[in-house]
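First comes the structure, then the notes that go with it.
The values are calculated or read from the model by the stated rules, or taken from the named source; none is laboratory data. Note that the structure is a prediction, hence the values are computed from the model and not measured. Note that each Cβ is placed from the backbone with ideal geometry, even for glycine, and that neighbours are counted across all protein chains shown. The accessibility values were calculated without ligands, DNA or RNA, using every heavy atom of the protein model including side chains. Shrake-Rupley method; radii C 1.70, N 1.55, O 1.52, S 1.80 Å.
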2 protein chains.
Amino acid sequence: MSTNLIIESITRHIRLSNEEKEHFISLLQPKIYKRKDFILEDGQVCKYSYFVTAGCLRGFTVDHNGFEHVLNFAPTGWWIADMYSLLTQKPGILNIEALENTEVLLLSKSRQEKLYHDIPQFERFFRIITENSLVSYQQRLIDNLSLTAEERYHNFCRRYPSLINTLPKKQIAAYIGVTPEFFSRMQRQMLTKGKKQQD
Amino acid sequence: MSTNLIIESITRHIRLSNEEKEHFISLLQPKIYKRKDFILEDGQVCKYSYFVTAGCLRGFTVDHNGFEHVLNFAPTGWWIADMYSLLTQKPGILNIEALENTEVLLLSKSRQEKLYHDIPQFERFFRIITENSLVSYQQRLIDNLSLTAEERYHNFCRRYPSLINTLPKKQIAAYIGVTPEFFSRMQRQMLTKGKKQQD
DNA sequence: CCCCAAACTTGATGTAGGATAAGAAATTAA
DNA sequence: TTAATTTCTTATCCTACATCAAGTTTGGGG
């Protein structure tokens, strides 16, 4: 099982003995999804946190006009879940879909709670990654209130450098909050602007 | 000292003995700000979490055109801080200002860390409120991507019912992400719409 | 109580980005 | 390889909201 990555990403924030590492790993379930598989659909209760060991997932909502809005991407090494549903155990509004064939490690809510009890350090670990996540959503909200679509695109590029060229452009558009048509126009404009600056 | 409110809001999530409560309270510093006082300015390092026991604060950023964007309000019973700066201890981008004469309890970062050590339950408490805060910023981001200004105004009303009539309208406009001019027009439209529905 | 700054409103005009449509290019499944 | 589907682009027109300007109302400090 490829658990190096998850252990490494955890021990960047807390120290664990070998037994603790093994105990933690024993709580995980590996699972494989194929491109376009849905890991979670809106209306369902989210029962797991998902850690991506290979591939890429996307979390998105569908508004009442049928348009999709991407909340987050989860490439290799990232966690994803419908936090609202996971916390409340009520039906959520998030869809999570595999953008390519993807391997994940599942940590169920009940096992996560058990983990907090068995190894209190994990309370700290999840507090820290939740804090970091909170900060980045605050920043993204401010960006959406104050930046143009083009500036938000640059922020996307900084946040997900590995995805710039691998992701369908319509997914990027749905993340920065514009239509695919406008995104296309915007890119053309950016090219001509770039050329002007070269002269 | 008016610490009933903060103890009550904490014991909604974790259980504390009387000694633990007293220890916690001993770590807090009360402070009073006057209307228009700045609790924190962008560029400063945030050294405290602030709990409002009376009055109201606002957290906002100023963009490169000089426009203000409200990240959050903190009426009585709410916490506020520049999370980014508090976590990293680097200069932040948030301003926190008193909208009226306001009483707060300060919890310094170093004391908060001491608290995690002395009473590990607090690790859980702050994890939970951070989780809840994360969920609401996620929702607000989705709302900004998918809803009209009018729908976002309704969400503001649900989130901060006590502020609808007490807050200057330009503050509400800066929260939902429109200009005061447009907010004014929007309200007039909502009135005439409401009248039509009555007929 | 009054005055002045701040907040609010209203109108005229401008613009970033959306809606629609339709064809071109790229992927996928078979 | 090809047919079918999805994605991307381009053009035209449209709308939600911004900008600018000017006047009105409000309310908090002296």
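Observations, loosely collected:
- Other-chain or far-sequence residues with amide H under 5 Å of residue B:99's (modelled H): B:36, B:56, B:57, B:58
- Heavy-atom accessible area order for B:128, A:172, largest first, 1.4 Å probe: B:128, A:172
- Dipole magnitude (debye, nearest 20) for region B:4-118, charges at Cβ of Lys, Arg, Asp, Glu: 120
- Equivalent-ellipsoid semi-axes for the protein assembly as shown (Cα gyration tensor, √(5λ), whole Å, largest first): 33, 32, 20.
- Listed residue (A:71, A:83, A:59) projecting farthest to the positive dipole end of region A:8-112, Cβ model: A:83
- Here the dipole of chain B is about 520 debye; that uses its Cα centre as origin and unit charges on the Cβ of Lys and Arg (positive) and Asp and Glu (negative).
- Scalar couplings 3J(HN,Hα) for region A:49-66, obtained by applying the Karplus form with A = 6.51, B = -1.76, C = 1.60 to θ = phi - 60°, are 9, 10, 10, 8, 9, 6, x, 7, 10, 9, x, 8, 10, 10, 7, 6, 9, x Hz; x denotes Gly and Pro.
- Hydrodynamic estimate: the Kirkwood radius of region A:64-199 over Cα pairs, inserted into Stokes-Einstein at 10 °C and 1.306 mPa s, corresponds to D of 91 µm²/s.
- Top of B:133, B:17, B:108 by mean-square fluctuation, Gaussian network on chain B, Cα under 10 Å: B:17
- Short-range pairs are left out: with C-alpha atoms under 8 Å and at least six residues apart, the relative contact order of chain A is 22 percent.
- Of the two radii for region A:9-145, the radius of gyration is 0.97 times the Kirkwood radius, both from the alpha carbons; that is the Rg over Rh value.
- Cut-off 12 Å between beta-carbons: net charge of the residues surrounding residue A:82, Lys and Arg +1, Asp and Glu -1: +1
- Ordering of B:183-190, B:109-116 by packing [mean C-beta count within 10 Å, highest first]: B:109-116, B:183-190
- Nonlocal amide H pairs with residue B:44, under 5 Å, H built at 1.01 Å: B:92
- When each full DSSP H helix of chain B is screened for a Cα extent of at least 20 Å along its own axis and an average Kyte-Doolittle hydropathy of at least -0.5, the helices passing are B:121-146.
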